[in-house]
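FYI, it's all coordinate maths here, none of it is from the lab. Source: prediction; values computed, not measured. Here the Cβ positions follow ideal geometry from the backbone for every residue, glycine too, while neighbour counts run over all protein chains shown.
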Amino acid sequence: MPISTSVITGTVAHKHELAGSTGGYLAEGLTGITGGIAGEVLTATATDVPVWAAAGSGTWTADGTDSGDKASLNVSGMTGRDITHIFYQVEPSTISTSEYPRMRVNSQNVNYDCCLFNQYVTGATDLEWNQTATGFFLGHEDGHTSEYQYVGDIYLYKGISTQESTGMFMTLRGLTYRNDSSQMSYIIYGGGYQPDTNPITDISFTMTSGNISGKIQVNSMDYQ
């Protein structure tokens, strides 16, 4: 705001643009605006006067992650939204002919009426996807004698109380990989039971015996 007088009475209108003659840019880290808290951003308003507001977030919320070699991989304490998206990359800690991973929701044994499609790459002669007593299996081939790795993602849809079936629904895309070249990929669609219309607040992965090793990530969203 150029000015040639040594006395300023009142205020002088000015603006800040690139050119020094019009004030120049505000200096980063040196010029502040009152108000606001850490993490907030300036947001436009109808009056063209920006105000501090919470930063916008994406549609999906990252609820949590877990990793390691232990009895259970678990993400809990979630708000419980309409749709939960789970990524998993796991394997048994030790090779066994009877170990395979399973998922539980809200610490409950998950059971589904499954309609599934399997694409067999090699091997995979006897598969189990569902068992009421122990939770939902991510994939299981009887009689394997070498380490399996299980990779995929799962969508869980909370039941809607006004619909004919209030049970939770699920879709799963997975790959089971074995280091002796026996692999299979699969897609599973499940119409189910627990936890019905209750919020999904806890996801856990275990093996049928022994520790599970790997990583999981849980995200969620509400219908917009």
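Which net charge results for the neighbourhood of SER72, defined as the other residues with beta-carbon distances under 12 angstrom from its beta-carbon, given Lys and Arg at +1 and Asp and Glu at -1? My count for the surroundings of SER72 gives 0.
Once the Cα-Cα distance is subtracted from the 0.36 nm per residue extended length, the ILE160 to LEU175 segment shows a gain of 2.4 nm. Can you figure out the FRET efficiency of ALA19 with THR59, using R₀ = 35 Å and their beta-carbon distance, to the nearest 0.05? Working from the Cβ atoms, E equals 0.25. Amide H contacts of GLY210 (H built 1.01 Å from N, in plane; Pro and chain starts excluded): no residue 5 or more places away or on another chain comes under 5 Å. Counting charges near PHE205 (Lys, Arg +1; Asp, Glu -1) among other residues having Cβ under 15 Å from its Cβ returns a value of -3.
Other residues within the sphere of radius under 14 Å centred on the Cβ of ILE83, judged by their own Cβ, net out at -2 (K and R +1, D and E -1). Along the range 43-53 the Karplus relation, 6.51 cos²θ - 1.76 cosθ + 1.60 evaluated at θ = phi - 60°, assigns HN-Hα couplings of 10, 5, 10, 5, 8, 6, 9, x, 10, 6, 8 Hz to successive residues, with x for each Gly and Pro.
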